[in-house]
Amino acid sequence: MNKKPKIAVIGAGITGLTTAWRLSGGSALSNSGSTPAKDDFEVHLFEATSHLGGKIMGEDFCDTKIDLGPESILSRVPQTLNLVEKLGLNDQMIFPNSKKSLIWSKGKLNELPKDTMMGIPRKIRISSLLPLVSLMSPIGLIRMMMEPLLPPTGAPEDISVGEFIKKRLGKELVNVLVDPLLSGVYACSSYDLSLAATLPALDVIRKSNRTIKAGIKASSKTKTNIATTIAGDNIFFSFKDGLSVLTDKLEQQLIEQDVVIHKQTPVYKVKKSSSGWEVKTPNESFFVDSIVLATPAWQSSQIVEDISSELALELKGLNYTSVALVTFAYKKEAINLPIKANGFVVSKQEGLTTTACTWSSQKWPRFDNSEYFILRASVGNKDNQEILKQSDEEIIQKVQTELENIISISTIPAAVKVSRWNFALPQYKPGHLSKIKKIEQLCQSLGKISITGSSLYGIGIASCIANADKTSIKIISQLS
């Protein structure tokens with residue numbers, strides 16, 4: 001009787017959880033590969049802490065529950081909705097009350113233009129640029145209108161988002177819209193981000209030597225068939241009790257699918273063995289046929305150091321930045337918001353500590369029955385790590401003062417929570433895709449070892465889920 005292949009999944013964030021679920025019999029959406037039966041593989045999931053879910057973490061707060069990390073998931077990724085459906089969580093999904101977002105610029109809240117790609121207008125014509133009048137100068141708007149007249153960018157193999165947009169549409173658009181929106185996601189300047197890795201649709205336009213206007217018009221005619229049946233036209237979703245609903249359900253399913261879960265079991269090295277791989281933990285070693293590293297790159301670098309110094313060096317070269325989230329609870333009668341919206345991002349020119357603020361109680365229906373109004377502010381980015389060296393009390397005071405200057409707050413908060421996320425956000429610098437290719441080649445040369453997760457393939461939860469599916473299909477193929 002043949003022994004079942006053993007697989008070690010190292011790291012139990014959303015990527016690791018989804019990978020383990022898929023490999024242990026969970027069904028996922030894919031165009032190739034078959035879903036394994038429950039007993040096809042012996043799957044071991046290793047997590048250094050007592051918590052499964054990584055940055056997805058919820059906590060009771062006043063009379064409600066808040067997310068301490070990410071608070072929404074992009075719905076326009078088929079694998080994400082498939083996972084939700086297979087876990088039976090459809091009836092737990094909720095969607096934002098509003099599709100409107102704001103930006104704090106020139107000392108006031110301004111509505112963000114609707115039809116944009118991270119601040120880049122999809123239609124560059126006078127009527128579609130009117131919403132930008134309150135944000136940009138006449139010269140800046142004229143500069144944008146000149147884009148169809150410009151020759152191809154002629155950029156090298158990769159280029160930063162900021163540099164490309166500056167060349168095509170002008171520096172002012174980058175400063176006013178593109179930077180604040182991308183900073184809200186990646187916590188860095190658009191000049192630090194690879195166009196190919198961050199906005200691949202624009203990179204396709206660049207490589208085709210089309211203008212942005214012509215490229216977006218052409219791409220809009222070929223719409224991707226995406227599974228949005230349970231999300232409707234909503235771009236983002238969450239759950240009635242926050243995102244930890246997803247990771248809690250995954251953990252429950254892993255137990256039912258006989259995955260061996262090793263909590264508080266850090267993996268500090270992997271080595272080649274006669275039968276495959278040796279996974280070394282502080283107390284014992286495990287021998288497996290295949291390894292999936294779903295840990296941050298800097299941790300993965302230490303783990304693989306003994307099997308490939310070159311791979312370790314490549315992983316160590318991937319950069320991260322730290323951020324903090326400050327969540328406030330106010331009595332509802334103390335908050336008077338000027339407009340129904342989900343919140344605002346902050347223009348860098350304003351010089352604030354706060355980089356963005358979500359009006360959680362106005363954004364999500366799950367807070368409707370709470371006595372409190374929840375606000376969540378983001379602090380820190382690549383260019384301002386000094387603020388994170390300050391105490392919680394100092395950060396709270398600065399953010400609170402800034403919020404009181406932006407919106408009407410008539411009392412002190414009933415509760416405040418600071419969540420620090422050190423080295424949490426990967427930075428996809430120009431050349432990132434070349435690094436990924438090199439890492440993949442090195443893994444292939446070593447055998448049945450895969451490196452996955454947000455360090456390489458996308459920081460959003462939806463990207464992590466999609467990549468977990470892709471990784472699982474590869475492993476199933478290798479071991480079948």
Considering each residue of region 384-416, count those that are outside any loop (DSSP other than H, G, I, E, B) and either crowded, with 17+ Cβ neighbours inside 10 Å or not basic (Lys, Arg) (or both), and give that number.
-> 23
Considering each of LYS348, LYS280, LYS316 in turn, give the residue that is out of contact with any Lys or Arg (no Cβ under 7 Å at 6 or more places or on another chain), more than 26 Å from LEU375 (Cα to Cα) and of a type outside the set (Phe, Trp, Tyr).
-> LYS316
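For (1) modelled with pLDDT under 95; (2) in contact with a Cys (Cβ under 9 Å, 6 or more places away or on another chain); (3) in a helix (DSSP H, G or I), each residue gets a yes or a no:
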| residue | (1), (2), (3) |
| --- | --- |
| LYS437 | no, no, yes |
| GLU440 | no, no, yes |
| CYS443 | no, no, yes |
| ILE459 | yes, no, no |
| CYS464 | no, no, yes |
| ALA468 | no, no, yes |
| THR471 | no, no, yes |
| SER477 | yes, no, yes |
For region 163-180, name all the residues that are over 19 Å from ARG210 (Cα atoms) and of a type in the set (A, V, I, L, M).
-> LEU173, VAL174, VAL176, LEU177, VAL178
Where ASN234 falls short, out of the listed (1) at pLDDT below 75; (2) assigned to a loop (DSSP other than H, G, I, E, B) | (1)
Consider SER378 carefully, then state whether it is more than 20 Å from the chain's Cα centre (by Cα), modelled with pLDDT of 95 or more and not in a helix (DSSP H, G or I).
-> no
Got a sec? Which of PHE61, PHE46 is among the aromatic types (Phe, Trp, Tyr), farther than 28 Å from ALA415 by Cα, outside the structural domain of VAL418 (by TED's automatic domain parsing) and in contact with a strand residue (DSSP E or B) (Cβ under 8 Å, 6 or more places away or on another chain)?
-> PHE46
Going by the structure shown, is LEU254 in contact (Cβ under 8 Å) with a residue 60 or more places away in the chain and either under 24 Å from the mean Cα position of the chain (by Cα) or assigned to a helix (DSSP H, G or I) (or both)?
-> yes
Can VAL304 be described as within 14 Å of LEU17 (Cα to Cα) and within 26 Å of the chain's Cα centre (by Cα)?
-> no
Checked region 277-302 for anything under 19 Å from VAL43 (Cα atoms), surrounded by fewer than 19 Cβ atoms within 10 Å (Cβ to Cβ) and touching a Pro at 6+ places or on another chain (Cβ under 9 Å); matches are THR281
Only listed residue being among the hydrophobic types (A, V, I, L, M, F, W, C), modelled with pLDDT under 80 and surrounded by 15 or more Cβ atoms within 10 Å (Cβ to Cβ), chosen from ALA187, ALA197, ALA227 | ALA227
Looking at this structure, is PHE344 of a type outside the set (Lys, Arg), touching a residue at least 12 places away in the same chain (Cβ under 8 Å) and over 30 Å from TRP21 (Cα atoms)?
-> yes
Wholly enclosed strands (runs of 3 or more DSSP E) of region 261-301 bearing at least 2 residues under 20 Å from LEU442 (Cβ atoms) | 269-273, 276-280, 290-293
So which of PHE373, PHE367 is within 22 Å of GLY58 (Cα to Cα) and in contact (Cβ under 8 Å) with a residue 60 or more places away in the chain?
-> PHE367
From GLU314, GLU305, which residue is part of a loop (DSSP other than H, G, I, E, B) and among the acidic types (Asp, Glu)?
-> GLU305
Does ILE407 qualify as being among the β-branched types (Val, Ile, Thr) and not assigned by TED's automatic domain parsing to the domain that holds GLU314?
-> yes
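The values are calculated or read from the model by the stated rules, or taken from the named source; none is laboratory data. Given the structure is predicted, the values throughout are model-derived calculations rather than measurements. Note: ideal-geometry Cβ built from the backbone for every residue, glycine included; neighbour counts use all protein chains shown.
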